[in-house]
Amino acid sequence: MQRIDQLLALAAQIDSPTAQLDAELLLAFVLDKPRSYLFTWPEKIISASQQAAYLDLLERRKHGEPVAYLLGHQGFWTLDLAVAEHTLIPRADTELLVEAALRLAGRDSDWNVLDLGTGSGALALALASERPRWTVTGVDRIESAVALAQHNQQQLQLAHVKFLQSHWFSALAGQRYDLILSNPPYIADNDPHLTQGDVRFEPLSALVSGPDGLEDIREIIEQAPTYLSGDGWLLLEHGYDQAEAVRDLLR
């Protein structure tokens, strides 16, 4: 059996820019302790079963499996969300959508808001946590994703948000929204990034959108006017090299 500091030193075996943090998160998870415990008691020897569990997780991480899937949760905005392999891992970049949405309306607004392709519910739940007077709906075409988002809602006890199964707007006939936002699939189907890093383990249905990566964005932009109020807003995340193409589609 080894000490905590010896087990953390095994981070050197992980090919990741966040290797040390990855190891700390995995060991803290196994010990059911905060990360600070690891530095307070570096000389502590852990049990054989805990060491075996940690080494198993470390091996899976060495083969590229995302830390979020190994832990079963991921931080987003101010929330801790359950994640699963059938949904995209929430990322800090997507918090820009939350920031933009909050800038558009004051705290006392009572907007009706729609999150398309909600996945784990990250965007919908982040907005609901910040704007208690908003009515927020999140939709996803994948039934298991809707169930995961509902689980996160129940854990966070946010009553003014609901989740439905819908392929984009298919189940929303007659509805109007002050804000529609989405982090849709926007990667081209032959993009080399699909073979790198964490995305290798994430569902292609949440990543890939046709030969140019714009099929879903195109569909959302075409349909959104039918569901937006007269002065409503549409906010989209898109790829690093798609700004001009998305501007053209919006025009």
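The values are calculated or read from the model by the stated rules, or taken from the named source; none is laboratory data. Model, not experiment: these values are computed from the prediction. Neighbour counts run over all protein chains shown; Cβ positions are idealised from the backbone, glycine included. Only protein heavy atoms, including side chains, enter the accessible area calculation; ligands, DNA and RNA are left aside. Shrake-Rupley method; radii C 1.70, N 1.55, O 1.52, S 1.80 Å.
Before moving on, here are some points about what is shown:
- ³J(HN,Hα), Karplus 6.51/-1.76/1.60, whole Hz, each residue of segment 61-75, x for Gly, Pro: 5, 4, 8, x, 4, x, 4, 4, 5, 5, 8, x, 7, 8, x
- What a 1.4 Å probe finds exposed on segment 1-138 is 52% carbon and sulfur by accessible area, rounded to a whole percent.
- Most mobile listed residue (D32, D80, D110) in the chain, GNM with C-alpha springs under 10 Å: D32
- Of every Cα-Cα pair in the chain, the percent that sits beyond 25 Å: 49
- Extension gain for D93-I221 works out to 44.0 nm (0.36 nm per residue, less the C-alpha to C-alpha distance).
- Extension gain, H167 to R3: 0.36 nm times the residue separation minus the Cα-Cα distance gives 54.0 nm.
- Built amide H within the under 5 Å cut-off of L228, gap 5+: Y177
- Sites D32 and R141, calculated FRET efficiency, Cβ-Cβ separation with R0 30 Å, nearest 0.05: 0.25
- Spatial extent of segment 89-208: Rg and Dmax, with the Cα atoms as the point set, Å: 14.6, 45
- The slack between S229 and Q13, meaning 0.36 nm per residue of separation minus the straight C-alpha distance, is 72.4 nm.
- Förster-model FRET efficiency, 41 Å R0, R60 and Q155, C-beta, rounded to 0.05: 0.95
- Percent antiparallel among DSSP beta bridges (both partners in the chain, rounded to 5): 20
- Cα gyration tensor of segment 1-94 - equivalent ellipsoid semi-axes, whole Å, descending: 23, 14, 12
- Rounded FRET efficiency, nearest 0.05, which uses the C-beta distance separating L71 from R107 and R0 of 30 Å: 0.40
- A 1.4 Å probe run over the chain, with the rest of the protein chains in place, finds 50 Å² accessible per residue.
- Cross-link partners for K162 among the aspartates and glutamates, with Cα-Cα distance under 13 Å and sequence neighbours closer than 8 places in the same chain left out: D115, D140.
- Sequentially through segment 19-30, phi angles give Karplus couplings (6.51, -1.76, 1.60; θ = phi - 60°) of 4, 5, 4, 4, 4, 5, 5, 5, 5, 4, 5, 5 Hz, Gly and Pro residues having no value and appearing as x.
- Most mobile listed residue (A23, A12, A84) in the chain, GNM with C-alpha springs under 10 Å: A12
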